[in-house]
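Please treat every number below as a calculation from the coordinates, not as lab data. All values reported here derive from a predicted model rather than from experimental measurement. Backbone-built Cβ (ideal geometry, glycine too); neighbour counts: all protein chains shown.
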Amino acid sequence: MRTATDGWTPEQTAAYEGLWSKLRELTAYVAWHAHWERCPKEKAVEARQALKHAEGAVPDPAPAEVVAEPA
């Protein structure tokens, strides 16, 4: 995780840190989900990569006019 960018408000910094925290929480949830116990170990990496690249796994970026620049 990188440090806050110069010029960020305390609210922006808190939001950024909150998003990273949520990302770590959800990453652990997916990585340790019971589903992977049913997946043969020799196929686990292949299955996780397929999930990672599945349609909809990564949301489309927000349009440029929606992305707010830090004040």
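Structure above, values below:
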| quantity | calculated |
| --- | --- |
| Net charge, VAL30 excluded, C-beta distance under 12 Å - Lys, Arg +1, Asp, Glu -1 | +2 |
| Cα→Cβ-extended label distance, 7 Å offset, between TRP36 and TRP8, nm | 2.7 nm |
| Highest to lowest packing among 10-16, 48-54, scored as the average C-beta count within 10 Å | 10-16, 48-54 |
| Cα gyration tensor shape for the range 11-52, rounded if a/c is under 1.5, else prolate or oblate | prolate |
| Under the Karplus curve 6.51 cos²θ - 1.76 cosθ + 1.60, θ = phi - 60°, whole-Hz ³J(HN,Hα) for the range 17-34, x wherever Gly or Pro sits | 5, x, 5, 5, 4, 5, 4, 4, 4, 6, 4, 5, 4, 5, 5, 10, 4, 4 |
| Cβ-derived FRET efficiency at R0 22 Å, HIS53 paired with TYR29, nearest 0.05 | 0.70 |
